[in-house]
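The values are calculated or read from the model by the stated rules, or taken from the named source; none is laboratory data. Quantities reported herein were computed from a predicted structural model and do not represent experimental measurements. A quick note on method: Cβ atoms are made from the backbone with ideal geometry, for glycine too, and the neighbour counts reach across all protein chains shown.
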Amino acid sequence: MRTIKRDIVGAFIFSRDGLLLMGKSHGGSIYAGRWIVPGGGVDAGETKLQALLREILEETGLDISGSDVQQIDYVFSGKAEKVLRDNGERVMADMTFYNFTVRLDQLAAEISLTTEDDFVDPKWFALSELPLLPMSPASVKTLKKLGHL
């Protein structure tokens, strides 16, 4: 099995009322069926912030360019199998995760989402609900680092 290396950005998006946006990863992708935060791979020539802005717009329909966006001072790596969408090849993804917090000015109920790409079934969760969710290892590690788990 071939190994691909990818830098991944993720957004821990919080509404004004303190809820966290999470969704499911679609079938065939890494962590299929688990709760994840929106994000994705950094393309050639992009900064991590540019990739984050693009991925969040693609996956949620949210333009976070005017929001409070802070990179989390915690980088880690992980490996998982993935099926490439363009050719169906099964590969091992060797990923380095760069995560950000995003604080929105709106209440969760006021935010309209349009999900596409790898992020489906979005829901806003209170921090107290997080320990009950089957989440990706990357989400768990970061939420622990942030003190939310």
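What the table below lists for this structure:
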{"item": "Scan of the range 38-71 for residues that are under 23 Å from residue 135 (Cα atoms), of a type in the set (S, T, N, Q) and either surrounded by 14 or more Cβ atoms within 10 Å (Cβ to Cβ) or touching a His at 6+ places or on another chain (Cβ under 6 Å) (or both), ordered by number", "result": "60, 71"}
{"item": "Flag if residue 86 is without any contact (Cβ under 8 Å) to a residue 60 or more places away in the chain, in contact with a helix residue (DSSP H, G or I) (Cβ under 9 Å, 6 or more places away or on another chain) and exposed (fewer than 13 other Cβ atoms within 10 Å of the Cβ)", "result": "no"}
{"item": "Filtered residues of the range 66-83 (kept if more than 18 Å from residue 24 (Cα to Cα) and either in a strand (DSSP E or B) or among the aliphatic types (A, V, I, L, M) (or both))", "result": "68, 69, 70, 71, 72, 73, 74, 75, 76, 77, 78, 79"}
{"item": "Filter result for residue 24 (part of a strand (DSSP E or B) and surrounded by fewer than 20 Cβ atoms within 10 Å (Cβ to Cβ))", "result": "no"}
{"item": "Answer residue from the range 72-83, given it is in contact (Cβ under 8 Å) with a residue 40 or more places away in the chain and not basic (Lys, Arg) and is surrounded by the fewest Cβ atoms within 10 Å (Cβ to Cβ) among those", "result": "81"}
{"item": "Check on residue 7, in contact with a Ser or Thr (Cβ under 6 Å, 6 or more places away or on another chain), farther than 17 Å from residue 122 by Cβ and modelled with pLDDT of 95 or more", "result": "yes"}
{"item": "Total residues in the range 28-63, condition touching a helix residue (DSSP H, G or I) at 6+ places or on another chain (Cβ under 9 Å), among the charged types (D, E, K, R) and either modelled with pLDDT under 95 or within 16 Å of residue 5 (Cβ to Cβ) (or both)", "result": "3"}
{"item": "Flag if residue 32 is in contact with an Asp or Glu (Cβ under 8 Å, 6 or more places away or on another chain), closer than 20 Å to residue 136 by Cα, of a type in the set (Gly, Ala, Ser) and not in a helix (DSSP H, G or I)", "result": "no"}
{"item": "Residue match in the range 53-65 (condition: more than 22 Å from residue 104 (Cα to Cα) and either polar (S, T, N, Q) or part of a loop (DSSP other than H, G, I, E, B) (or both))", "result": "no"}
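Residues checked against (1) farther than 17 Å from residue 7 by Cα; (2) modelled with pLDDT of 90 or more:
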| residue | (1), (2) |
| --- | --- |
| 85 | yes, no |
| 103 | yes, yes |
| 106 | yes, yes |
| 110 | yes, yes |
| 118 | no, no |
| 122 | yes, yes |
| 131 | yes, yes |
| 136 | no, no |
| 142 | no, yes |
